[in-house]
1. Considering only C-alpha atoms, what is the centroid distance from region 53-73 to region 1-52, in Å?
2. For residue 172, what is the net charge nearby, where nearby means another residue's Cβ is under 12 Å from its Cβ and Lys, Arg count +1, Asp, Glu -1?
3. Taking θ = phi - 60°, what integer Hz values does the Karplus form 6.51 cos²θ - 1.76 cosθ + 1.60 yield along region 133-140, in sequence order, with x for Gly and Pro?
4. Residue 27: net charge of surrounding residues, Cβ under 13 Å, Lys/Arg +1, Asp/Glu -1, itself excluded?
5. How high is the relative contact order of region 148-250, in percent, with contacts defined as C-alpha pairs under 8 Å that are six or more residues apart?
6. May I ask you to list, by number, the DSSP H helices of the chain whose Cα span along the axis is at least 18 Å and whose average Kyte-Doolittle hydropathy reaches -0.5 or more?
7. Can you put 14, 54, 259, 214 in order of Cβ neighbours within 10 angstrom, beginning with the fewest?
8. What is the sum of charges around residue 223, taking Lys and Arg as +1, Asp and Glu as -1, for the other residues whose C-beta is under 13 Å from the C-beta of residue 223?
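Just so you know, all these numbers are worked out from the coordinates, no wet-lab data involved. Everything quoted here is computed from the prediction, not taken from an experiment. Cβ placement follows ideal geometry from the backbone for every residue including glycine, while neighbour counts extend to all protein chains displayed.
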Amino acid sequence: MDPINLCQRYFDAWIRRDADAILATFAPGGTYQDPTTPGPLSGEALRGYVQGLWAAFPDLTFELGQVHLIGARRVFAEWKMVGSNTGSMNGLPPTGKTVRLPGIDVIEIGSEGIHAVTGTFDSAVVPRQLGLDVIVQPSEIGPFRFGTGTAVRLSKPMSPGVVGITELLASSDEAVAHIRELARQTVIEQLLVPGFLAFTATVTGRRMTTVAMWDSQQSMHAGMSNGTHAQAMREFFSAGIAEGGSTSLFAPVRVGPYWRRCDACRQMTRLAERSGRCQCGVALEAVA
């Protein structure tokens, strides 16, 4: 078995987006890993990985550089991955941007095929090229846990009539990504509800919390009783996406006034309505 020819077959299968052909180049038990995988992948786990990558980058291809045989059974292959992000990646909406990621594969060849592929590249390149923030932080320090947050806010002053808080524990890391996609679709639909005001979500490990606001209970019911939110509720009870959770609704005890700092005199002004005038005479609008 010629190592260089086998590696060429491996990359050709990637370029053709043929998962069966990729798996066929591996020896039984052969593995693939790179900085973005949870560890070595083989068999159907590897198939799922490559198909997820193709779903996020449907036109993905590789530009192969120099390929060197080191010793009798090890190949170093330089490559550049190129693709446009027109599909969802990790539950995020597609950006439409093109990425160019350089990297190197170290490929160990066994008697029955590829024994192991170890990909090496800068894992921050793709998110940065997609316009995503790359944040390095610990998962937890003592009683503090860290994660990510998302906020959706309409460009109008808020006076919420009802606030909904949902907290749940996803059943797996894969379920976290699925729930995030359900939440994203739900918020997109909520944007069409006239009384929808804002949405904030946080993810710390598998614990997920959302805070949503509407101007009234009627608006809340109109937005949440159908569509993707109804689907998410069905999956919560029957599809095993969560270990448990709770939802609470809150109505305001006191609705405070709008305050706005004047750009001219820098004084804080209390507005009787969503708009008004500073004592210096400048027209003011409540912060949206």
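1. With region 53-73 and region 1-52 each reduced to a Cα centre, they are spaced 10 Å.
2. Every neighbour counted, the sum reads -2.
3. Listing the rounded values in order: 6, 10, 10, 9, 7, x, 6, 6 Hz.
4. Local charge sum for residue 27: -1.
5. 44 percent
6. 3-16, 43-56, 173-190
7. Ranking 14, 54, 259, 214 by Cβ neighbours within 10 Å, fewest first, gives 259, 54, 14, 214.
8. Counting the neighbours of residue 223, the net charge comes to -2.
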